[in-house]
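S.K.: Below you'll find the structure I mean.
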Amino acid sequence: MPGGGSNVAARAPGPEGDLHVPLILEERGKEEEPLKVVLGRKLKKRCSWSPARAAALLLDSVPILKWLPQYRIKDWLLGDVMSGVIVGILLAPQSIAYSLLAAQDPIYGLYTSFFSCIIYTFMGTSRHISVGIFGVLCLLVGQVVERELAVAGYVTDVCYAIIVGSTVTFTAGVLMGLLQVGFVSVFLSDSLLSGFATGASLTILTSQLKYLLGLKLPRTQGWGSLIKTWIGLLGSLDQTNMCDLITSVLCLLVLVPTKELNERFKSKLKAPIPFELFVVIATTLASHFGHFKEQYGSEVSGHIPTGFMPPQLPAWSLIPRIALDAFSIAIVGFAITVSLSEMFAKKHGYVVDPNQEMYAIGFCNIIPSFFRCFVTSAALTKTLVKESTGCQTQLSSLVTALVLLLILLVIAPFFYSLQKCVLAVIIMVNLRGALRKFCDVPRMWRANRVDAGVWLLTMATSALVNTELGLLLGVLASAFCVLARTQRAQTLQLGQSGDRDVFKELTAYKGLQTLPGVAAFRYEAPIYYANQTLFKKSLYRNTGLDPVKERARRKRLERGKKQEEERKGAEQSPEASSGNFLPHALPFHTLIIDCGPVLFLDTAGVAALKEVRKDFQEFGVQLLLAQCNTSTIDSLRRGGYYDPETGNVERIFHTVGDAVRYGQSLLSQNGDCDTSF
């Protein structure tokens with residue numbers, strides 16, 4: 001067959017003594033190029049330069065140049081403008097609020113949202129996601145800022161806090177965009193990320209209670225910060241500022257039900273009603289004309305400057321101290337961005353480029369870090385708002401940036417009297433989605449207990465001990481669970497369904513028949529250094545013969561016989577001289593292992609199969625491997641499993657039925673094989 005492999009049909013067993021010929025597939029030739037040639041070709045491809053390659057590189061690096069010339073003004077412009085304006089209105093109060101979480105002044109939250117919207121518009125490949133402030137990342141940044149302030153001996157220093165925050169942002173951006181550590185995010189499962197976000201949300205919720213009560217408490221540091229914060233809150237309840245408490249309760253009574261109404265009627269509303277903005281305006285006016293700061297000591301946002309500050313460089317000396325924190329921030333930020341990008345791309349039928357997303361989110365942090373911004377990533381809530389209000393392209397993000405620019409240049413100073421307790425309420429209300437995950441725990445437990453266990457461990461550790469440790473333990477727990485599944489794999493005996501070429505587990509299905517003279521087993525895991533011993537034990541246990549133990553027993557019997565002969569000087573009995581020490585006859589002469597689930601073999605795995613083959617051959621049992629994939633066959637060849645000099649010629653069986661027929665034809669050729677014990 002030109003261009004493909006030819007096959008030879010299987011020959012049925014002929015007369016007695018005629019061996020069954022298994023199906024033979026002609027393999028494609030594999031020409032392995034020398035490593036030097038491969039590296040040279042790739043290097044030449046990377047370093048070659050031409051106008052066409054330069055244009056392609058520019059288009060790939062700045063995707064807006066691809067889609068903007070094809071923009072459909074009549075179809076898309078209205079939706080993009082509407083969604084951009086709505087997201088900008090919703091984003092402004094949230095940007096100010098989340099600045100508290102990152103231990104920064106309110107103006108820097110507006111800076112962060114403004115720059116990230118513009119940069120992602122030019123570099124992102126997703127049409128729908130909204131890149132901006134994300135609560136969990138703000139928490140991680142705030143923890144680093146508070147820690148470095150404590151190390152430097154500052155109780156509160158706005159300038160130093162800005163320097164630390166921007167340095168963390170720069171480092172995380174470099175890790176994401178230039179060093180591309182985002183590949184690590186493939187090890188973050190959905191249950192791990194969900195548990196981490198929920199645990200961090202509990203920490204965020206606790207950290208905002210002091211603003212809600214009007215308490216002036218320092219942010220706790222180190223392990224167990226959530227518990228320490230609660231202890232501090234309970235010990236300071238007598239210092240509660242009643243003005244802040246009443247304002248917070250009123251805001252909660254307004255925002256919680258109105259948010260629920262927005263969600264319930266989102267299919268009927270053309271756009272969500274910006275109740276947060278209404279609350280911010282109303283409370284700012286009340287605080288200003290009621291003189292809440294002067295009369296009741298209420299803590300307010302203070303002066304918010306207009307315009308932009310000149311850029312500044314990160315503090316290079318801080319990078320070694322905050323690099324590990326920036327690493328975890330980069331991984332979480334990239335994982336969230338890519339998962340949201342791919343989710344909405346699949347929903348709307350287009351493709352995103354994960355590599356370009358890595359660059360885009362990296363530069364969304366690198367460039368803004370020079371303008372005193374903190375870490376950004378995709379945000380689910382605002383992305384859903386964009387999608388529901390008619391967003392078609394990232395042009396909507398440019399509109400959002402224009403709304404934020406208007407606030408930065410004109411409106412920002414009017415928020416001077418805005419109480420911080422109102423910002424805390426906005427943060428707490430937006431955590432409802434993450435906290436609702438607790439209601440899903442029973443469902444997760446019924447669906448998959450391993451994933452539910454990872455979720456609970458990550459959530460509890462992130463909340464009660466430390467957020468970074470929670471992420472690390474979640475990754476380790478996920479990896480351990482995958483490893484444990486290979487450790488718990490069993491060797492299952494197979495039976496045949498009637499006269500069909502179907503072989504399934506005897507323990508799982510009824511009506512299956514065992515095969516005379518042939519025993520077939522399936523091992524449902526790769527065979528490698530960590531489980532090769534367990535594989536052999538499981539196989540020996542299920543076949544009813546442990547050659548290692550039997551060999552040791554025979555040696556003990558032989559030693560006992562020799563000692564008895566030496567002591568009595570008697571001749572060997574016929575039974576002893578025959579070496580027949582086994583108590584019964586084996587029910588099979590051929591052992592087949594279905595290697596279909598064996599994804600790969602390492603050196604230890606090949607050695608284990610060699611040992612199994614040798615052990616069973618010693619007792620007259622032939623080992624056949626069936627349904628090996630090409631990777632497994634290559635490993636067997638390289639590992640010396642097939643060795644014609646020792647009689648172990650290469651026999652490849654592409655189906656279990658083929659191996660069974662071959663084993664049965666062995667019996668018809670050799671007659672009744674003596675496999676007695």
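The values are calculated or read from the model by the stated rules, or taken from the named source; none is laboratory data. Since the structure is predicted, the reported quantities are computational estimates derived from the model, not experimental observations. All Cβ positions, glycine included, derive from the backbone under ideal geometry; neighbour counts span all protein chains shown. Just the protein is used for accessible areas: all its heavy atoms, side chains included, with ligands, DNA and RNA removed. Shrake-Rupley method; radii C 1.70, N 1.55, O 1.52, S 1.80 Å.
S.K.: Is there a pair in Lys346/Lys504; Lys259/Lys346; Lys228/Lys386; Lys268/Lys346 whose C-alpha atoms are over 32 Å apart, and which pairs would that be?
M.R.: From Lys346/Lys504; Lys259/Lys346; Lys228/Lys386; Lys268/Lys346, over 32 Å: Lys346/Lys504; Lys228/Lys386.
S.K.: Let me ask something else. Angle check, please: helix 225-235 long axis (alpha carbons) against the longest principal axis of the chain (alpha carbons), in degrees 0 to 90, nearest 10.
M.R.: Tilt of helix 225-235: around 40 degrees.
S.K.: Also, quick follow-up: Under a straight-distance cross-link criterion of Cα-Cα below 19 Å, which lysines are reachable from Lys555, leaving out those fewer than 8 residues away in the same chain?
M.R.: Lys614
S.K.: Hey, can you rank 423-429, 338-344, 130-136 by average C-beta count inside 10 Å, highest first?
M.R.: Final packing ranking: 130-136, 423-429, 338-344.
S.K.: Over 33 Å apart: what share of the alpha carbon pairs of the chain falls there, rounded to a whole percent?
M.R.: Percentage above 33 Å: 61.
S.K.: So for the chain: antiparallel DSSP bridges make up what percent, rounded to the nearest 5?
M.R.: 55
S.K.: Let me ask another. Using only Cα atoms, find the angle between the long axis of helix 158-177 and the longest principal axis of the chain, and express it within 0 to 90 degrees, rounded to the nearest 10.
M.R.: Long axis of 158-177 versus the principal axis of the chain: about 40 degrees.
S.K.: Report, in whole Å, the centroid distance computed from the Cα atoms of the stretch 161-207 and the stretch 298-317.
M.R.: 22
S.K.: A further question on this structure: Restricting to DSSP H runs of at least four residues, report the calculated mean residue ellipticity at 222 nm for the chain, -39500 (n - 2.57) per run over all residues, nearest 500 deg cm²/dmol.
M.R.: The helix-only estimate for the chain comes to -19000 deg cm²/dmol at 222 nm.
S.K.: How much length is gained on full extension from Met242 to Asn542, taking 0.36 nm per residue of separation minus their Cα-Cα distance? List each step's numbers first, then the result.
M.R.: Details: separation 300, 0.36 × 300 = 108.00 nm, distance 7.26 nm.
Gain in length upon complete extension: 100.7 nm.
S.K.: Please enumerate, by chain and number, the lysines with C-alpha under 24 Å from the C-alpha of Lys44, excluding those fewer than 8 residues away in the same chain.
M.R.: Straight-distance partners of Lys44: Lys30, Lys36.
S.K.: From the residues Val649, Trp445, Thr543, which one has its Cα farthest along the dipole of the chain in the positive direction, the dipole being from +1 and -1 charges on Cβ of Lys/Arg and Asp/Glu about the Cα centre?
M.R.: Trp445
S.K.: For the chain, which whole percent of the accessible surface, found with a 1.4 angstrom probe, sits on carbon and sulfur atoms? Before the final figure, lay out the partial values.
M.R.: On the way: 21120 of 33980 Å².
Heavy-atom surface of the chain belonging to carbon and sulfur, 1.4 Å probe: 62 percent.
S.K.: Rounded to the nearest 10 degrees, what's the angle between the helix 449-464 long axis and the longest principal axis of the chain, both from Cα atoms, 0 to 90?
M.R.: 40
S.K.: Going by average Cβ density within 10 Å per residue, which order do the peptides 114-126, 629-641, 501-513, 206-218 take, highest to lowest?
M.R.: Details: 114-126: 24.7, 629-641: 15.7, 501-513: 13.1, 206-218: 19.8.
Result, highest mean first: 114-126, 206-218, 629-641, 501-513.
S.K.: For the pair Gln70 and Ser317, what calculated FRET efficiency results from E = 1/(1 + (r/R0)^6), where r is the Cβ-Cβ distance and R0 = 60 Å, to the nearest 0.05?
M.R.: Rounded to the nearest 0.05, the efficiency is 0.80.
S.K.: Is the stretch 175-279 rounded, prolate or oblate when judged by the Cα gyration tensor, a ≥ b ≥ c being the square roots of its eigenvalues, rounded requiring a/c under 1.5 and prolate requiring a/b larger than b/c? Write out the running numbers ahead of the final one.
M.R.: Working: a/c = 2.53, a/b = 1.11, b/c = 2.27.
Oblate shape, in that a/c is at least 1.5 and b/c is the bigger or equal ratio.
S.K.: With no solvent and one point on each alpha carbon, what is the Debye value of log10 I(q)/I(0) for the stretch 210-364 at q = 0.10, 0.20 Å⁻¹?
M.R.: Taking Cα atoms of the stretch 210-364 as identical point scatterers yields -0.73, -1.16.
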